[in-house]
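Everything on this sheet refers to the single structure shown next.
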Amino acid sequence: MSSKIKVGVLGATGMVGQRYIKLLENHPWFEVTYVAASPRSAGKLYKDAVENRWLIGENIPNGVANLTVEDANVPEKALGKCQFLFSALELPKKDDIKNLESAYAAEGLPIVSNASANRWTEDVPMLVPEINFSHLDVIKDQKKHHGWDKGFIAVKPNCSLQTYMMPIHALIQAGYPVKRMIVTTLQATSGAGYPGVPSFDMIDNIVPFIGGEEEKTEKECLKILGTVRDGKIENARYPVVSSTCTRVPVVDGHTACISLEFDLPDDKKPSLEEIEKIWTSYSSLPQELKLPSAPEHPIVIRHEENRPQPRRDRETEKGMACVIGRLRRCNVFDIKFVALSHNTKRGAALGGILNAELLKAKGFFE
């Protein structure tokens, strides 16, 4: 009998759901024992439900291929079959996702979510484990607010933020608060899911708009850097962010070009050498706990003038590092740099798995 924690995946037939299933194939702590998706997939074996649209690697993991897909709209189906669930739900209305995730929590099943529906729920932690692990404190208040016993909801932020939030946090933590930022993202096509952006729009082209993405970029960082107070998360006041989000013809790997201004007098601002030292020495609770999916080096610096590049650098630290290059002075603000992260690993499923590992290590699944 396996000693691993039994887990479920909601939205298991979609791109992020498939990524969860592949990444969990040999996980030392977790084992997928339950899969759920839309009513049109319910009742089928998983291998049949994803036939001709399995996107992640050559083969479907053997342990999941013959699981029967259940209807994700019926939380009771998961009872007794898993201890918590990863949510990769995709529904037309965010409120429908929010209500469905809450219904699972009400049944006593914790939800570790990739969906955006609960990111702005004030008692739901939006985790980047290296940055705001202290936000786990709000879960007890969340459970109290709803009258939930074992169930709760924790979410991860938008994939593009994780391209640069760790270096920003490292600077703030070192005593160099950031006042303003201009962020331009060059986001991979996989971020749009499957089938995603039509090929005619992407080949030989850049699309300078992604619906809702700029609002997420400008707001979510403030919650991540916020503080738990009186049973809810209060947003930080800074940095003020102005963003432009674009879709580029890259399969995996979001790139961001960042210019930032410190909230300090000129004589107190760090040198480029100090900044690089702060970034290369950055480590946090996931590294201390040696969580299975945590990168040994969360921030990696490249010194070549033409790096980072998605094809060359997205798999750094198994796709979990923020890779930074072109650190230099900015003529408008203080510094500018280019950052890269793997959007379907750190930015999606593997980031969600790291969240679950942190929750497990802190006793939230006991």
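The values are calculated or read from the model by the stated rules, or taken from the named source; none is laboratory data. This one's a predicted model, so the numbers in the text were calculated from it and none came from an experiment. Please note: Cβ atoms are built from the backbone with ideal geometry, for glycine as well, and neighbour counts cover all protein chains shown. Only protein heavy atoms, including side chains, enter the accessible area calculation; ligands, DNA and RNA are left aside. Shrake-Rupley method; radii C 1.70, N 1.55, O 1.52, S 1.80 Å.
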| request: Can you run down the residue pairs with Cβ atoms below 7 Å, 6 or more apart or on separate chains, where the first is in the stretch 248-272 and acidic (Asp, Glu) and the partner is open to solvent by less than 20 Å² (accessible area, probe 1.4 Å)? | output: ASP252/ALA188; ASP252/SER190; ASP252/HIS342; ASP252/ASN343; ASP252/THR344; ASP263/VAL178
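A quick yes/no check of all residues on (1) over 25 Å from VAL16 (Cα atoms); (2) in contact with a Lys or Arg (Cβ under 9 Å, 6 or more places away or on another chain); (3) surrounded by 22 or more Cβ atoms within 10 Å (Cβ to Cβ):
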site: GLY147; (1), (2), (3): yes, no, no
site: LYS156; (1), (2), (3): no, yes, yes
site: CYS159; (1), (2), (3): no, yes, yes
site: PRO167; (1), (2), (3): yes, no, yes
site: PRO177; (1), (2), (3): yes, no, no
site: VAL197; (1), (2), (3): no, yes, no
site: MET202; (1), (2), (3): no, yes, no
site: GLU218; (1), (2), (3): no, no, no
| message | Any residue at all in the stretch 339-359 that's farther than 18 Å from VAL128 by Cβ and not hydroxyl-bearing (Ser, Thr, Tyr)? | response | no
| request: Filter the stretch 27-59 for residues that are farther than 24 Å from ALA103 by Cα, open to solvent by 30 Å² or more (accessible area, probe 1.4 Å) and either at pLDDT below 95 or among the hydroxyl-bearing types (Ser, Thr, Tyr) (or both) and give the result. | output: GLU51, ASN52, ARG53, TRP54, LEU55, GLY57, GLU58, ASN59
| field | Filter pass, TRP29 being touching an Asp or Glu at 6+ places or on another chain (Cβ under 7 Å) and aromatic (Phe, Trp, Tyr) | value | yes
| note | Quick count over the stretch 175-215, residues being assigned to a helix (DSSP H, G or I), touching a residue at least 12 places away in the same chain (Cβ under 8 Å) and either within 19 Å of ASN158 (Cα to Cα) or under 21 Å from the mean Cα position of the chain (by Cα) (or both), is 6
| Are any of the residues in the stretch 143-164 of a type in the set (Ser, Thr, Tyr), more than 12 Å from the chain's Cα centre (by Cα) and not in a loop (DSSP other than H, G, I, E, B)? | no
| field | Residue within the stretch 348-355 that is within 16 Å of LEU24 (Cα to Cα), modelled with pLDDT of 95 or more and assigned to a loop (DSSP other than H, G, I, E, B) present | value | no
| Exclusive hit being in a loop (DSSP other than H, G, I, E, B), at pLDDT 95 or above and among the hydrophobic types (A, V, I, L, M, F, W, C), set VAL124, VAL64, VAL69, VAL138 | VAL124
| remark: Going through the stretch 89-131 in order, the residues found to be open to solvent by 40 Å² or more (accessible area, probe 1.4 Å), among the charged types (D, E, K, R) and either farther than 21 Å from VAL35 by Cβ or within 12 Å of the chain's Cα centre (by Cα) (or both) are LYS93, LYS94, ASP95, LYS98, GLU122
| field | Odd one out for LEU79, checked against (1) open to solvent by less than 60 Å² (accessible area, probe 1.4 Å); (2) out of contact with any helix residue (DSSP H, G or I) (no Cβ under 8 Å at 6 or more places or on another chain) | value | (1)
| request: Could you please tell me which pairs satisfy a Cβ distance under 8 Å, a separation of 6+ or placement on different chains, a first residue in the stretch 129-149 that is farther than 14 Å from ALA103 by Cα and of a type in the set (Phe, Trp, Tyr), and a second residue that is open to solvent by less than 10 Å² (accessible area, probe 1.4 Å) and not in a helix (DSSP H, G or I)? | output: PHE133/LEU127
| helices (runs of 4 or more DSSP H) completely within the stretch 260-327 that count 3 or more residues being open to solvent by 70 Å² or more (accessible area, probe 1.4 Å) | 272-280
| Matching residues in the stretch 230-249 - criterion: being open to solvent by less than 60 Å² (accessible area, probe 1.4 Å) and assigned to a loop (DSSP other than H, G, I, E, B) | GLY231, ALA236, PRO239, VAL248
